[in-house]
Amino acid sequence: MLHALKHNCCSHPILKVLAFAYVALNATSSNASESNAVAIANNPNIHVMGRSLINAYEGDAKSDSPSEVIKMSYPGVTLLFNALAKRVTLTARSNSGRGRIDVVIDGEFSHTLDISKELNTYPITYSETVARHQVQLVNRSESWQSINELHSLTLEQGALASPPKLPSRNILVVGDSVSCGAAVSRGAQCDTKINGHDARSSYGYKLGEKLDANVHLVCFGGRGIIRSWNENPDDIQAPAFFEKSLPFENIDAPWDHAQYQPEAVIVSLGTNDFNPGIPDRRKFVSAYVQFVQRIAQVHPKAMIMITEGAMLNNGVPERQNKTVVQGYLSEVVEQANVDSLVYEKANHYPGDSCDPHPTAKQHEKMAQDLEQSLRQRLNW
């Protein structure tokens, strides 16, 4: 598996000249007579897969400033486009200065962009002559890590072509840090913080690749059905952020569910609810029942699969978390009165000595588990 590289690394063939291009970027792009700046928001030649928010541009207006920008926070949100140009750059910023975006060129991982608070320009592709490339820009960050604001693409001696065709299948994954790909690419250096988060290596993203399906990851680390891992009363929980394009209480960003109708909705929650102790059965089951009924309301044609996730186990004799949550989820199915609702028991994947979150190899196995089940249940 290819892991993220800093944007000044040069392992991908395109990056052999990217380092020079990046250094010379500001000096050349402003003088390039054949540069073509295109706004990202509402661009018919750019597919945006995943939840995002289109906002009016806020900042010092320049001649090439877009009137609207795209903001994204959920991991795995992907921009997909075809570019026929000598060079492509991205203009973007992060509200926290900790945003990270993976660049995939012609199906192969190229490099990772570290997005700063200041509005900057970042290299995407560079060729010595005009070349055609299919480009994916994938939000690598965890939801809480950054709101990335994408402004425009600049193409030297070229333009965007018609976008690639998207898969016909749609999957929606609702979950916590595991579903977001938290610490999945920590590697031998045990980097469980910013660099270790990797949406493309998450089980949901991999599942989409295996099933040739679009995937929306709607997830937030540390959150649950009724409470967070630390019981912070101010935290937004899954039933609330399910309704939003950006998962923050203080941002007015309602999501229009009609924009994306999945054939399968996978809900993997409960780990954080059980972290402070076993939650009250009635309260947990009731909230979960209301949540799946809401999902069925906005996605009436979808199979809804609930699962307890990979981290819960019965490791402590006095707290049989996995056994208890399995009983709770069985009750949810019984009480919800939703014909499309199923419960899929999850295998336990214990992480490693570095971190209890599943490793990249374990995420691959999780995706395989779900692939087999979805193929059987949906006849895919």
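The values are calculated or read from the model by the stated rules, or taken from the named source; none is laboratory data. Computed from a predicted structure; not experimentally measured. Ideal geometry is used to build each Cβ from the backbone, glycine not excepted, and the neighbour counts take in all protein chains shown.
List pairs: first in region 179-191 and among the β-branched types (V, I, T), second at pLDDT below 90, Cβ under 8 Å, 6+ apart or cross-chain?
Once the first residue is among the β-branched types (V, I, T) and sits in region 179-191, its partners that are at pLDDT below 90 give V184/G196.
Would you check if there is a residue in region 53-63 being under 30 Å from A183 (Cβ atoms), in contact (Cβ under 8 Å) with a residue 12 or more places away in the chain and in a strand (DSSP E or B)?
Yes; the residues of region 53-63 include at least one that is under 30 Å from A183 (Cβ atoms), in contact (Cβ under 8 Å) with a residue 12 or more places away in the chain and in a strand (DSSP E or B).
Can you tell me which residue in region 178-193 is nearest to P239 (Cα to Cα), limited to those that are in contact with a helix residue (DSSP H, G or I) (Cβ under 8 Å, 6 or more places away or on another chain) and of a type in the set (S, T, Y)?
Among residues in region 178-193 that are in contact with a helix residue (DSSP H, G or I) (Cβ under 8 Å, 6 or more places away or on another chain) and of a type in the set (S, T, Y), the one nearest to P239 (Cα to Cα) is S179.
For region 352-372, how many residues meet the condition of being within 13 Å of G181 (Cβ to Cβ) and not in a loop (DSSP other than H, G, I, E, B)?
6
Please verify whether region 342-363 includes one or more residues that are among the β-branched types (V, I, T), in contact with a Gly (Cβ under 7 Å, 6 or more places away or on another chain) and within 24 Å of G221 (Cβ to Cβ).
yes
Condition first: of a type in the set (S, T, N, Q), assigned by TED's automatic domain parsing to the domain that holds G270 and in contact with a Phe, Trp or Tyr (Cβ under 9 Å, 6 or more places away or on another chain). Can you find one or more residues in region 340-361 that meet it?
Checked region 340-361: at least one residue is of a type in the set (S, T, N, Q), assigned by TED's automatic domain parsing to the domain that holds G270 and in contact with a Phe, Trp or Tyr (Cβ under 9 Å, 6 or more places away or on another chain).
Does E331 qualify as being in contact (Cβ under 8 Å) with a residue 40 or more places away in the chain and in the same structural domain as D198 (by TED's automatic domain parsing)?
So E331 fits the description; yes.
Name the single residue that is farthest from A287 (Cα to Cα) among those in region 252-261 being surrounded by 15 or more Cβ atoms within 10 Å (Cβ to Cβ) and over 16 Å from the mean Cα position of the chain (by Cα).
Among residues in region 252-261 that are surrounded by 15 or more Cβ atoms within 10 Å (Cβ to Cβ) and over 16 Å from the mean Cα position of the chain (by Cα), the one farthest from A287 (Cα to Cα) is A253.
Could you list, in sequence order, all residues of region 81-94 that are crowded, with 20+ Cβ neighbours inside 10 Å and closer than 23 Å to P167 by Cα?
The answer is F81, A83.
Counting only residues that are within 25 Å of N139 (Cβ to Cβ), give me the strands (runs of 3 or more DSSP E) lying completely in region 246-351 with at least 2 of them.
264-268, 303-307
E308 versus (1) of a type in the set (D, E, K, R); (2) over 22 Å from A182 (Cα atoms); (3) under 23 Å from the mean Cα position of the chain (by Cα): which is the lone unmet condition?
E308 satisfies every listed condition except (2).
Report yes if K117 is surrounded by fewer than 21 Cβ atoms within 10 Å (Cβ to Cβ), touching a residue at least 40 places away in the same chain (Cβ under 8 Å) and among the charged types (D, E, K, R), otherwise no.
Criteria not met by K117.
Among (1) in contact with a Ser or Thr (Cβ under 7 Å, 6 or more places away or on another chain); (2) polar (S, T, N, Q); (3) farther than 19 Å from Y349 by Cα, there is one condition S201 misses while meeting the rest; what is its number?
Just one mismatch for S201, condition (3).
Only one of G97, G76, G107 is in the same structural domain as A41 (by TED's automatic domain parsing), at positive phi, modelled with pLDDT of 95 or more and surrounded by 24 or more Cβ atoms within 10 Å (Cβ to Cβ); which?
The conditions single out G76.
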